[in-house]
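Nothing in this text is a laboratory measurement; each read-out follows from the coordinates by a stated rule. Just so it is clear, the model here is predicted, and its values are computed rather than measured.
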Amino acid sequence: MLKLSLQNPSYIPFEQRHIGIAAEEEKTMLQSIGVKSVDALIKQTLPKRNLPQKPLHIGTALSEPEILAHLKQLGKKNQLICSLIGLGYYGTYTPAVIQRNIF
């Protein structure tokens, strides 16, 4: 069942809009490949060096509006600077074949 947000009645949280695999489908998949759980499948599939060695501490989950507001605040920290790519190449000779084909 979908829950609507109290602040915005038409807003449905991402996790409720995400169409993932149903529990029965997951169970059937795991049985057909002979694995007990998705975690066991991951441990069998990925090299040990690629698996996390300790739990990730990423904090509490944010709602979609909260993460968008957070990203907007991070974006405000960006600085617009002048690109210097291509400067300093003045006075070089461009062969005619390059000029004809590119310019």
Listed by chain and number, the aspartates and glutamates with an alpha carbon less than 16 angstrom from that of LYS72, same-chain partners under 8 positions apart left out, are GLU64
Per segment 14-102, sqrt(5λ) over the Cα gyration tensor eigenvalues, sorted largest first, in Å, gives 49, 26, 17
